[in-house]
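Inspection log for the structure reproduced underneath, given as structure tokens.
The values are calculated or read from the model by the stated rules, or taken from the named source; none is laboratory data. Bear in mind the structure is a predicted one, so any value in this text is a computation, not a measurement. When we count neighbours, we look across all protein chains shown, and the Cβ atoms used for this are built from the backbone with ideal geometry, even at glycine.
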Ligand SMILES: [Zn+2]
């Protein structure tokens, strides 16, 4: 193999690798790539605004995760406070009991010492009496001995209650410190959570503002798309053919609805011929002039339907067309605006970027 042919082979394999990478990128990006050279500029702007609105930034994702962690820690702290409050109450009760026991023991010891002093005094008196009364001296000595024994016992008890009191004071102090520091930690965390919630709300508000900007362009999008649309400007989202402009937002909407327990599907793009067929099927008085409302099922005049541009979807849920009382309609009423979709008031199932 010559050097030149080896270089050519290497270049060819590099190109092949690049093509493969490109194919992968396109597959992965799918409808998430909002821009398309074929779409009118305003349509690309709409898609770009919605893409920015609906794609969480790494900072947003991190903030949500931090909040979830903080809420978990807050719950742990609250449980700790419950436990520590109980321990604190127990420690206080133990301390109260120990204080009373110590006071009582000291009183008994003090009284015993008085008794001992009295007994010794009595002994001294009877020993000085003349003639000596041996029986009285013996009795007084016995009293001194027994009182001294009692006093020694009560001194030991007082020492024990003092030690118990000291230990109870230490336990109570520790319990108070632990409770205080945990309450402080809970308060600080609660403040941090409130701050992060405000940050999250601010980011959500920014995202909503982008969706509002997109919605303000929706009539222009419809008009521009009408002038240039070909089926090459459409793609499928979960089997539903829609305009590439709305594909990303539409997919996000279906994903989020499903996550909320509201599976949505439907029919998006239809050709002019299909629209004409639908006018016949739905019993419109004529094909091209009678208003949509004059048909058995409201059906736009061919050329006016946003379905022909892939910018409207007739939504179903569980295989049934949405009605105004359905869970799907309620979910969309609450959420669709975030994804740039509006309802045509006369048709609960019909959702489009301009509400037409
Ligand atoms: Zn429709």
(request) Check whether at least one residue in the stretch 252-265 is within 27 Å of residue 45 (Cβ to Cβ), outside any helix (DSSP H, G or I) and within 16 Å of the ligand (Cβ to nearest atom), and report yes or no. (result) yes
(message) Being more than 30 Å from residue 60 (Cα to Cα) and surrounded by 12 or more Cβ atoms within 10 Å (Cβ to Cβ) is the requirement here; does residue 172 meet it?
(response) yes
(message) Checking the condition surrounded by 13 or more Cβ atoms within 10 Å (Cβ to Cβ) and assigned to a helix (DSSP H, G or I), which residue from 143, 135 passes?
(response) 143
(message) Given the criterion within 11 Å of the ligand (Cβ to nearest atom) and in a loop (DSSP other than H, G, I, E, B), identify the matching residue among 290, 300.
(response) 300
(request) Among residues belonging to the stretch 304-315 that are within 11 Å of the ligand (Cβ to nearest atom) and without any contact (Cβ under 8 Å) to a residue 60 or more places away in the chain, point out the one that is nearest to residue 271 (Cα to Cα). (result) 307
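Okay, residues lined up against (1) modelled with pLDDT under 95; (2) out of contact with any strand residue (DSSP E or B) (no Cβ under 9 Å at 6 or more places or on another chain); (3) part of a helix (DSSP H, G or I); (4) surrounded by 10 or more Cβ atoms within 10 Å (Cβ to Cβ):
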site: 23; (1), (2), (3), (4): yes, yes, yes, yes
site: 28; (1), (2), (3), (4): yes, yes, yes, no
site: 43; (1), (2), (3), (4): no, no, yes, yes
site: 91; (1), (2), (3), (4): no, yes, yes, yes
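Considering only the stretch 320-334, state which residues are in a helix (DSSP H, G or I) and in contact with a helix residue (DSSP H, G or I) (Cβ under 7 Å, 6 or more places away or on another chain).
331
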(request) Test residue 247 against the criterion of being surrounded by fewer than 16 Cβ atoms within 10 Å (Cβ to Cβ) and under 20 Å from residue 39 (Cβ atoms), and give yes or no. (result) no
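Taking only the stretch 334-349 into account, find how many residues are in contact with a strand residue (DSSP E or B) (Cβ under 7 Å, 6 or more places away or on another chain) and either under 23 Å from residue 261 (Cβ atoms) or away from the ligand (no atom under 11 Å from the Cβ) (or both).
Counting residues in the stretch 334-349 that are in contact with a strand residue (DSSP E or B) (Cβ under 7 Å, 6 or more places away or on another chain) and either under 23 Å from residue 261 (Cβ atoms) or away from the ligand (no atom under 11 Å from the Cβ) (or both) gives 5.
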(request) Looking only at the stretch 266-287, count how many residues are in contact (Cβ under 8 Å) with a residue 24 or more places away in the chain, farther than 19 Å from residue 322 by Cβ and assigned to a loop (DSSP other than H, G, I, E, B). (result) 1
